[in-house]
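Data first, discussion second: the structure below is written as structure tokens.
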Amino acid sequence: MQKRAEHGVIALTAVFFLLFTVLGLNYYRLALKNDYIYSTAESSFITLNAGESQGTIYDRNLQPLVNEETEIIAAVVPGETDINELAELAKNKAELYVKYLNGEPFTIRCIKKGKESAAVTFFEIPLRYSEHQTAQHIVGYLSENSGVSGIEHAYDRILREGNISNTVTYSTDGFGNILIGGGKSVVRSSKPLTGVVTTLDKDIQKICEDCAIKKGAVIVTDVKTGEILGLASFPSYSWNNIDAALENEDSPLINRVLYSYSVGSIFKLVTALEGLNEGFSGFVYSCEGEIDISGQGFRCHKADGHGLQNMTEAMTNSCNTYFICMSRNFDVASFRQLAFDLGFGREIHLCAGMTGASGVLPTAEQLMIPAELANFSFGQGKLTATPLQINQLTAAIANGGELVLSSLIKGVTVDGKAIGNEKLPQSTRVMSEEASDELRKMMKAAVYKNKNSNAKPKNTLAAAKTSTAQTGRFDDEGEEECNAWITGFFPANKPVYAVTVLVEDGGYGNDTAAPIFSNIIDSITKLK
């Protein structure tokens, strides 16, 4: 009898041990699921998380750049609902069946809301990005719910602070099985209004993106405030296929507005300004198509020369030899310092992780070499700059001589209605009003006294300067690849906007960049 009793105790102990083992494994299995959260062993509930609502990134008019759309998510307890009804709603029926047959609570994307029940709960969740995301290079993207690039990275704490999860919570029995009769607790978060306000104008941003350049950049700013209204880098990339972007030889993840390139003839605006500052406004020169500098020949793009040129004519005709010859009379240190004061050789910080490159500004010692000075005078040689720097220079010419630092962030908002922490524009006078007026006249002449100019908009007047910048790279046929530039402002008589276009490996500025420039202006003019 005693042995029988001992065997009974052992058997009973084994049964209890087995039951506790199964229960423990069940807890462990549930805890590992991503779709829901199981509480500690002392509690008795399961919470399914249908997604989080995160802070919004806005344009200057508080139009959302993210969280523009919503998606329907259903939280489902299988075995307690009709799978055929769910199949009519699910975006992916195959995924639904796999999850349903797995037997564990799950979430599924739906095309619309259906009838709720004790076992099915529907949520309308803000969709972080659109399929064709606006301002992708500015917005950036997330990885594992943290900002990796752009504003998502720079303002990660603000955008993720106070996130609210959309959840449904059920009571469970001791084995982790959901007790449908025990009711459910639902937390639904509305679209969050807290967020970051950019200087972008959503409509102007879309105009910039519609340029569809193969490789290059477009930027539009307010000439008085320096605020960036539109910024597009080409090619763009998709937030949901970063691997493809990393493998793309055209490097779409690079924001080309912040990347430095050879500048070319746009820099003649700086050379002209130094000429005005040093008293060479009346300088004339007869271009014969080539000039010798210490035994090295420099050619003008017009092989037989432009003939006798004053400064305005030289700017209109983009005469290389005129600016080379005039620069030989300059105080070299003063010339270089002017370029620095105008933003060349200096970074432009927009926000954390988004800083325009400084580019390359030759040293004063390098410019003492005659050939280096000659190259510098028309934007070639070692000189490089970003589209952001060129646009900032253009705005300074347009606004009467104030170099206003470019800005991308306007402030923050807690309610989607009012903007806080706004910063005033930061500016420095870099040229006299008289000098800026002369440069504006030259840029206007470069458009309207050049019968071949493609930079003329239909709906307003504009002023601009083009560039065809040599790169030192050659294609398979031995032709040098050149970057096509144009920068300018409009309306020409009362400037409001500065526009800069770069087409990488685009050839001639007037052929490739100028038509894009004029189309942007016409589109903005119609818009406003």
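The values are calculated or read from the model by the stated rules, or taken from the named source; none is laboratory data. These numbers come from a predicted model, not from an experiment. So basically every Cβ, Gly included, is an ideal-geometry build from the backbone, and we count neighbours across all protein chains shown.
Tell me yes or no: at least one residue of the range 146-165 is over 23 Å from V412 (Cβ atoms) and basic (K, R).
Pass one, the range 146-165, residues over 23 Å from V412 (Cβ atoms): none.
Among the residues of the range 146-165, not one is over 23 Å from V412 (Cβ atoms) and basic (K, R), which makes the answer no.
Residue by residue through the range 50-71, note down the ones that are more than 15 Å from D415 (Cα to Cα) and either surrounded by fewer than 22 Cβ atoms within 10 Å (Cβ to Cβ) or within 18 Å of the chain's Cα centre (by Cα) (or both).
Keep residues of the range 50-71 that are more than 15 Å from D415 (Cα to Cα), which gives 50-52, 65-66, 68-71.
Answer for the range 50-71, where residues must be more than 15 Å from D415 (Cα to Cα) and either surrounded by fewer than 22 Cβ atoms within 10 Å (Cβ to Cβ) or within 18 Å of the chain's Cα centre (by Cα) (or both): G51, E52, L65, V66, E68, E69, T70, E71.
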Item to complete: Might you check whether a residue that is closer than 26 Å to A463 by Cα, of a type outside the set (A, V, I, L, M, F, W, C) and surrounded by fewer than 20 Cβ atoms within 10 Å (Cβ to Cβ) occurs anywhere in the range 245-253?
Response: no
Worksheet entry | Of all residues making up the range 337-353, the number that are in contact with a Phe, Trp or Tyr (Cβ under 9 Å, 6 or more places away or on another chain), farther than 19 Å from R429 by Cα and in a loop (DSSP other than H, G, I, E, B) | 1
Fill in: Residue identified as under 37 Å from the mean Cα position of the chain (by Cα), in the same structural domain as K451 (by TED's automatic domain parsing) and not in a helix (DSSP H, G or I) among S251, S286, S265
S251
Fill in: Residue within the range 474-487 that is at pLDDT 95 or above, β-branched (V, I, T) and within 24 Å of the chain's Cα centre (by Cα) present
yes
Worksheet entry | Considering residues of the range 395-432 that are part of a helix (DSSP H, G or I) and in contact with a helix residue (DSSP H, G or I) (Cβ under 8 Å, 6 or more places away or on another chain) only, the residue surrounded by the most Cβ atoms within 10 Å (Cβ to Cβ) | I397
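Quick one: in the range 302-322, of everything that is in a helix (DSSP H, G or I) and not hydroxyl-bearing (S, T, Y), which residue is farthest from Y448 (Cα to Cα)? It would help to see each step written out before you state the result.
The first filter runs over the range 302-322 and keeps only residues in a helix (DSSP H, G or I), leaving 311-317, 320-322.
When the remaining residues are screened for being not hydroxyl-bearing (S, T, Y), the result is 311, 313-315, 317, 320.
On the way: M311: 16, E313: 12, A314: 14, M315: 12, N317: 11, N320: 20 Å.
If we take residues in the range 302-322 being in a helix (DSSP H, G or I) and not hydroxyl-bearing (S, T, Y), then N320 is farthest from Y448 (Cα to Cα).
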Response to the item:
For M443, the lone unmet condition from (1) touching a residue at least 60 places away in the same chain (Cβ under 8 Å); (2) among the aliphatic types (A, V, I, L, M); (3) part of a loop (DSSP other than H, G, I, E, B) is (3)
Worksheet item: Which of the residues that make up the range 149-173 are within 15 Å of N49 (Cα to Cα) and in a loop (DSSP other than H, G, I, E, B)?
Response: N163
Worksheet item: Of all residues in the range 435-483 being over 25 Å from L383 (Cβ atoms) and among the hydrophobic types (A, V, I, L, M, F, W, C), which is surrounded by the fewest Cβ atoms within 10 Å (Cβ to Cβ)?
Response: L461
Worksheet entry | Flag if I524 is within 26 Å of V223 (Cα to Cα), modelled with pLDDT of 95 or more and out of contact with any helix residue (DSSP H, G or I) (no Cβ under 8 Å at 6 or more places or on another chain) | no
Worksheet entry | Criterion: crowded, with 23+ Cβ neighbours inside 10 Å, over 33 Å from the mean Cα position of the chain (by Cα) and in the same structural domain as E227 (by TED's automatic domain parsing) - qualifying residue of L388, L350, L373, L367 | L367
Worksheet item: Does any residue in the range 179-191 that is farther than 15 Å from T121 by Cβ come within less than 8 Å, Cβ to Cβ, of a residue that is of a type in the set (G, A, S) six or more places away or on a different chain, and which pairs are these?
Response: L179/S171; G181/A118; S190/S53; K191/S53
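Within the range 162-195, can you find the residues that are more than 24 Å from G103 (Cα to Cα), among the β-branched types (V, I, T) and surrounded by 14 or more Cβ atoms within 10 Å (Cβ to Cβ)?
Within the range 162-195, the subset more than 24 Å from G103 (Cα to Cα) is 162-164, 188-195.
Keeping just the survivors that are among the β-branched types (V, I, T) gives 164, 194.
T194, the sole residue that qualifies.
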